[in-house]
1. Using only alpha carbon positions, build the gyration tensor of the protein assembly as shown, then give the equivalent ellipsoid semi-axes as the square roots of 5 times its eigenvalues, largest first, whole angstrom.
2. Can you pull the mean other chain C-beta count within 10 Å for peptide A:102-109?
3. In the protein assembly as shown, what % of DSSP beta bridges are antiparallel (nearest 5)?
4. Please report the relative contact order for chain B, taking Cα pairs under 8 Å with a sequence separation of at least 6, and give it as a percent rounded to a whole number.
5. Can you give the translational diffusion coefficient of region B:127-181 in µm²/s, computed by Stokes-Einstein from the Kirkwood radius over Cα pairs at 25 °C and 0.890 mPa s?
6. To check my understanding: the extent here is largest minus smallest coordinate of the Cα atoms along each principal axis. What are those three numbers for region B:58-237, in Å, largest first?
7. Take the alpha carbon atoms of region A:1-75, find their center, do the same for region A:138-216, and report the distance between the two centers in whole angstrom.
8. For region A:93-216, what are the per-bin percents of Cα-Cα distances with bins 10 Å wide, up to the bin holding the maximum?
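The numbers here are math on the coordinates, done by the rules we state, and not lab data. No experiment lies behind these values; they were computed from the predicted model shown. Neighbour counts run over all protein chains shown; Cβ positions are idealised from the backbone, glycine included.
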Amino acid sequence: MMHLHIENLVPVPLKPNLQTRNSDIWLQDVEFTSGHFIKIKAPSGSGKTTFIHLLYHLRNDYEGSIYWNNQEQKQYHAAQLAILRQQNISIIFQDLRLFQNITARENIELKRVMQQPYYPSSVIDDMAEQLGIAKILNQRTGICSYGEQQRIAIIRALMQPFNWLLMDEPFSHLDHDNTAKATALIAEECNKRKAGFILTDLDEDTHFTYHQTLQL
Amino acid sequence: MKEWNNILKQIITTASGRLRLLLAIIGLSAALLLILSAVQLQANYNDLLHSKSNQDSVANFLVVNKQLTNANYGNTTLSNTAIEDLKKQPFVDAVGILTPSRFKASIQSYSSQFPFYTDISFESVPAAFIDVDSTQWHWAPGEDIIPMIAPNLFLDFYNFQFSLSQNLPQLTQEIVKMIVFKVNIQTPAGMVSLKGKVVGFSDRITSLLIPESFMQWANTQYATDNTLQPSRVVIRTKDPGNPALVQYLKAHQLTTDADKTRFSKYRQIVNMVVRISWITGTILLLFALLIFSLFIQLTIASCKDEIQLLIILGAAPKQLQQFLMQRFFPPNIFIITAAVLIVGILQYALAAWLEQQYMFVSHIISVYTLGTALLFSGILWAVNFFTIQYYIQKENN
């Protein structure tokens with residue numbers, strides 16, 4: 001169980017724009033229920049990526065508060081933040097953030113062994129098989145297609161223990177078929193951990209059975 | 001842990017250049033080699049100066065007196081303060097007072113075949129300053145033979161100049177020791193005759209020596225002058241070539257056998273050269289440390305993005321620090337070990353070569369060199385640790 005609660009949150013650079021908009025998130029008091037699948041629908045420029053980055057504490061330029069387990073995020077110091085990212089929060093970035101010079105398998109393995117491994121390494125092969133990237137696992141990541149890289153990033157995020165999975169347009173480069181495989185895997189992994197997720201995307205979708213859909 | 005390190009190694013190595021690491025290692029090796037050599041050379045230098053096998057026993061005793069000038073003419077005695085001050089100097093191990101005889105004396109031979117007569121004066125010195133080991137070197141009132149120690153110089157002078165000009169036979173040390181001389185002392189009450197015998201020859205003090213006990217007795221009995229202050233002292237020193245000693249003597253207008261102290265000038269030059277090698281070594285080392293810390297800094301900077309991403313993905317600062325220390329510190333240990341080994345081999349070769357020149361230094365490297373190597377292991381560890389810590393913290397913010 002990992003409580004997530006935001007209070008009057010607004011990123012400082014976007015504040016003038018966001019003050020005049022109706023949003024379920026910005027400048028609101030929101031409690032995210034543990035284990036829920038939450039979709040955040042966000043048109044371009046509404047601060048979708050900014051929101052994910054704020055929750056993951058990649059930036060500090062915000063007003064209001066973000067509470068993880070009732071502790072204001074700004075109070076986490078570097079070592080605590082590392083534990084949070086190793087044990088409680090996993091992420092799929094929109095820009096993927098993979099190491100280009102190492103293989104796909106090494107990118108995934110990195111997240112598996114960063115903490116006490118949650119899965120044995122054979123699970124990497126199982127998941128890669130499921131998402132159709134088993135053949136490229138030993139290829140250098142830099143030469144994989146963006147769609148393949150997106151699936152590498154998804155598997156990487158699922159290698160660790162977590163209570164919340166943050167996803168920023170995670171299927172943008174996947175076709176319908178591959179998206180379905182990926183969503184099935186993600187849902188299965190979240191359920192296994194009794195974890196929730198926050199997924200941001202531009203449009204409505206039916207990838208998952210969402211508990212809650214919010215407008216950014 | 002092993003898998004984690006392997007992946008990190010892949011990420012960091014591909015980002016940072018191997019060539020740069022190699023260059024930093026070469027720079028540091030050269031500097032360490034120089035500084036360790038400088039320490040070892042200093043140790044060898046001290047060895048050469050102070051070790052027993054390299055010392056000359058004659059050179060350790062110096063007879064010191066005031067320089068006779070027009071200003072101190074007739075007043076060349078050394079005051080108690082001056083003697084005490086001399087004793088206090090770090091380069092002086094002991095000071096012995098040379099007591100001159102204060103009565104007129106002459107010696108002559110009893111034998112008519114070897115007619116010999118000369119006016120003479122004596123000096124005495126504490127037994128610790130005498131280099132003649134003789135059982136006969138003692139005198140007590142009532143004993144009729146006075147033992148004497150003659151300078152080798154006197155015998156040489158006699159054998160190679162005087163005897164030839166006077167048509168007298170040459171004498172060996174053994175023969176001289178067998179001769180009993182007549183020692184005449186002039187007293188207010190008339191001439192007193194005693195017997196004297198040379199019991200040994202010395203190179204240390206160039207005057208005719210008699211036991212202190214006799215000197216005291218005779219001076220009390222026959223002295224014509226009541227001056228008690230000595231004019232000459234003999235000092236024992238570990239190092240007659242010590243520039244500080246020469247400087248002290250000069251500053252106090254004292255003089256000694258210049259032949260024994262002439263090395264002080266060369267010593268000053270060698271000291272200066274060694275000091276310069278220290279300074280160069282230290283400067284080089286500082287540069288080497290700078291190079292290495294810059295190398296770490298550059299490596300971290302060149303894989304800054306990778307480190308940032310690792311932190312974003314959840315790598316703890318400690319995990320990264322540990323990994324980077326494991327990566328950067330072992331080459332340092334390798335460099336230090338290699339430098340110590342090289343200096344060790346050079347030292348062995350140097351010692352063997354010097355031995356052929358009759359100079360003796362240790363075949364193994366000095367503890368100071370090893371100590372310096374250990375010290376630099378510590379310094380390098382600290383430089384590595386703090387540079388890494390600083391940059392990881394910087395990337396974290």
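1. 100, 25, 17
2. The shielding value for this peptide is 3.
3. 65 percent
4. Once normalised by length, the contact order is 28 percent.
5. Numbers: Rh = 13.2 Å.
For these conditions, the coefficient is 186 µm²/s.
6. Largest to smallest, the principal-axis extents are 52, 40, 38 Å.
7. Taking the Cα centre of region A:138-216 as reference, the centre of region A:1-75 is 20 Å away.
8. Per 10 Å bin, starting at 0, the Cα pair percentages come out as 12, 48, 33, 7.
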